[in-house]
Ligand code: SRM
Ligand code: SF4
């Protein structure tokens, strides 16, 4: 496989390009590897391909050293991500995931920052059984990871109005349209187990991926549909976005956004987080067409030589928004209209009960770091299971790792309230404004890229900070705070008002000044702060905020006005010199 640049020179492609090219549409030798019981792992190249099937090979980093000493291979297991457009699942699907999690994973049902489920700790011999059970529950893991369009996000509460339901349908349509068509997924994971069926189901026709082609995209692509004024799905962090424009009680079309993304590397200024730009406006019936042409433009022009420079945000930075618009419009055969005005009010979730116009109720619960698990004092997973057994509406995963028990009929509300009390689930939203607006990524022990703790540490750090907030009577103020174990940005830290990004065990970069609605980047304030120093570093800033803020002024706005950090909107300015206290 060869590719040339604009001047006709042959390019040295990233290794993954060859793996994809030679994989026979994502098959590789995964099937053979699953049968090899001499190791808990798959072949190295296949671990790149399983991502397209929603599966990551990992190992338990807590026991890496001791296993190495004992000359054992790492404690391999697999993480499975379930694609769930708009984060919606039925009660039965919740129950099924709960059961699969007990049978094949580590007992924690993880709700991700992109409204999906993750299961951790599945060993190789249980992987097919896991995927099969997920499919039996009418969900799948295709394209939950990999160089394709990922789980399409959408504001999680469609029952609040007809408009939300419409937006969710658009999210599903984009998701369906951009799902890879390879039959590899069914062959590998859903055959009858003896390998025979696999052979007979192979279509004699050569396979084709009409949108992606055989090397798929240069890198992942993330899409969101958002209904203002809620930006609870963080539009600006996505490669591709559709903002519903509402006139009267109708969605008249969508503003199209492109080029958002969070990932970067410490010390590599060529990598940076970037906020999405508004490209134009399209009518509702053109959304999937526009999405497709944006995807194919990125397919053809994204950088396939360097995976650190391969996201759509760099294609747009390098070639310019006008070039990108022209290219997309020439593929569409028509022009996008001028973008329409819109505004956002926040990017957090609204906790507690909301009643809708149909007489149904919705309850948003705070789920710390999206981890649904049973602890002795707080059997959350059991409580939610008991609710799912009687709940006739659905469950909605939010982009902030929280959960909405949605569409509760008046008859069921009382029964559900009894269960909420019984399992202490009402405590799920009785927290400080800081905690309710917090997100931490997974990090250790499963994430192979983590440099520091995240979800195992942020809750304790927040408890420490809460003491300071109480002193200054700030405990009820919503302030967005996010932590990641490395700079990849899985909790979208670079748009939080306060963020901690792991550099090394126990050391974090502190960023301040993101926009409360998720529309402004933050800026580096302290490099490599030791965990035990963090609260002390923030204390004087909270004190000044409590005393000097203007009425209604958000923390992120204050730290800029007070001169702690400079306002940052453009990704390429993200690494500009930061200001010491
Ligand atoms: Fe992420 C890689 C977890 C949302 C940017 N992310 C990973 C991996 C798979 C590590 C790996 O490649 O080996 C992590 C698995 C950890 C584990 O053990 O579960 C991981 N990412 C997550 C989740 C589970 C975090 C969470 O706690 O919820 C989120 C799953 C979302 C989903 O359901 O699809 C998750 N990741 C994000 C987001 C947020 C978003 O999409 O809204 C981002 C920033 C937005 C973006 O993509 O720009 C994000 N993840 C990354 C990156 C950096 C990509 C880049 O452009 O540089 C990586 C590393 C990579 O791809 O090489 C990464
Ligand atoms: Fe892992 Fe880094 Fe993502 Fe956290 S931000 S889950 S440490 S890749």
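Against the criterion of being surrounded by 24 or more Cβ atoms within 10 Å (Cβ to Cβ), outside any loop (DSSP other than H, G, I, E, B), under 23 Å from the mean Cα position of the chain (by Cα) and more than 16 Å from ligand 2 (Cβ to nearest atom), residue 233 does not qualify. Tell me, yes or no, whether the stretch 207-214 has at least one residue that is within 20 Å of the chain's Cα centre (by Cα), surrounded by fewer than 24 Cβ atoms within 10 Å (Cβ to Cβ) and either free of Cβ contacts under 8 Å to residues at least 40 places away in the same chain or not in a loop (DSSP other than H, G, I, E, B) (or both). No, the stretch 207-214 contains no residue that is within 20 Å of the chain's Cα centre (by Cα), surrounded by fewer than 24 Cβ atoms within 10 Å (Cβ to Cβ) and either free of Cβ contacts under 8 Å to residues at least 40 places away in the same chain or not in a loop (DSSP other than H, G, I, E, B) (or both). Within the stretch 119-136, the presence of at least one residue that is more than 16 Å from ligand 2 (Cβ to nearest atom) and in a loop (DSSP other than H, G, I, E, B) is confirmed.
Just one of (1) under 22 Å from the mean Cα position of the chain (by Cα); (2) surrounded by fewer than 24 Cβ atoms within 10 Å (Cβ to Cβ); (3) away from ligand 2 (no atom under 11 Å from the Cβ); (4) in contact (Cβ under 8 Å) with a residue 24 or more places away in the chain fails for residue 456. It is (4).
Within the stretch 253-276, the set of residues being touching a residue at least 12 places away in the same chain (Cβ under 8 Å), more than 10 Å from ligand 1 (Cβ to nearest atom) and surrounded by fewer than 20 Cβ atoms within 10 Å (Cβ to Cβ) comprises 266, 268, 269, 270. Among the candidates 40, 54, the residue that is closer than 29 Å to residue 238 by Cα and modelled with pLDDT of 95 or more is uniquely 54.
One residue alone among 416, 387, 408, 316 is over 21 Å from the mean Cα position of the chain (by Cα) and under 27 Å from residue 211 (Cβ atoms), and that residue is 316. Give the stretch 95-113 a look and list any residue that's out of contact with any helix residue (DSSP H, G or I) (no Cβ under 8 Å at 6 or more places or on another chain) and either assigned to a loop (DSSP other than H, G, I, E, B) or within 11 Å of ligand 1 (Cβ to nearest atom) (or both), or say none. Hit for the stretch 95-113 is 106, nothing else. Under the condition of being in a helix (DSSP H, G or I) and touching a strand residue (DSSP E or B) at 6+ places or on another chain (Cβ under 8 Å), the residues counted in the stretch 84-94 number 6.
Of the residues contained in the stretch 516-528, none is found to be in a helix (DSSP H, G or I), under 16 Å from residue 556 (Cβ atoms) and either in contact with a strand residue (DSSP E or B) (Cβ under 8 Å, 6 or more places away or on another chain) or more than 16 Å from ligand 1 (Cβ to nearest atom) (or both).
Residues in the stretch 283-311 that are touching a strand residue (DSSP E or B) at 6+ places or on another chain (Cβ under 6 Å) and buried (at least 22 other Cβ atoms within 10 Å of the Cβ) were compared, and the one that is nearest to residue 234 (Cα to Cα) is 311.
Just give me the residues in the stretch 496-514 being more than 14 Å from ligand 2 (Cβ to nearest atom) and in contact with a helix residue (DSSP H, G or I) (Cβ under 6 Å, 6 or more places away or on another chain), in sequence order. Steps first, answer last, please.
First, the residues of the stretch 496-514 that are more than 14 Å from ligand 2 (Cβ to nearest atom): 497-498, 506, 510, 512-514.
Within the stretch 496-514, 497, 506, 512, 513, 514 qualify.
How many of the residues in the stretch 24-46 are over 15 Å from residue 123 (Cβ atoms) and either touching a residue at least 40 places away in the same chain (Cβ under 8 Å) or in contact with a strand residue (DSSP E or B) (Cβ under 6 Å, 6 or more places away or on another chain) (or both)? Outline the logic, then answer.
Applying the first criterion (over 15 Å from residue 123 (Cβ atoms)) to the stretch 24-46 yields 24-32, 43-46.
Subset that is either touching a residue at least 40 places away in the same chain (Cβ under 8 Å) or in contact with a strand residue (DSSP E or B) (Cβ under 6 Å, 6 or more places away or on another chain) (or both): 24-27, 30-31.
Qualifying residue count for the region: 6.
Only one of the numbered conditions (1) touching a strand residue (DSSP E or B) at 6+ places or on another chain (Cβ under 7 Å); (2) modelled with pLDDT under 95 is not met by residue 1, and that is (1). Taken as a whole, the stretch 417-439 holds at least one residue that is in contact (Cβ under 8 Å) with a residue 60 or more places away in the chain and within 11 Å of ligand 2 (Cβ to nearest atom).
Using the structure shown, decide if residue 411 is over 28 Å from residue 347 (Cα atoms) and touching a helix residue (DSSP H, G or I) at 6+ places or on another chain (Cβ under 8 Å). Answer is no for this residue.
Which pairs have Cβ atoms under 6 Å, sit 6 or more apart or on different chains, and link a residue in the stretch 484-503 that is under 16 Å from residue 435 (Cα atoms) to one that is more than 12 Å from ligand 1 (Cβ to nearest atom) and not in a strand (DSSP E or B)? Note: pairs meeting the criteria are 496/480; 496/514; 497/479; 497/480; 497/514; 497/555; 497/556; 499/522. Of everything in the stretch 375-392 that is out of contact with any strand residue (DSSP E or B) (no Cβ under 8 Å at 6 or more places or on another chain) and surrounded by 15 or more Cβ atoms within 10 Å (Cβ to Cβ), the residue that is farthest from residue 456 (Cα to Cα) is 386.
Scanning the stretch 554-581 for residues being loosely packed, with under 13 Cβ neighbours inside 10 Å, within 19 Å of residue 515 (Cα to Cα) and in contact with a helix residue (DSSP H, G or I) (Cβ under 9 Å, 6 or more places away or on another chain) gives a total of 1.
For the stretch 4-22, the criterion of being within 17 Å of residue 302 (Cβ to Cβ), exposed (fewer than 13 other Cβ atoms within 10 Å of the Cβ) and in contact (Cβ under 8 Å) with a residue 40 or more places away in the chain is met by at least one residue.
The values are calculated or read from the model by the stated rules, or taken from the named source; none is laboratory data. None of the values given here were measured: they were computed from a predicted structure. As a convention, Cβ positions derive from the backbone with ideal geometry for all residues, glycine included, and neighbour counts pool all protein chains shown.
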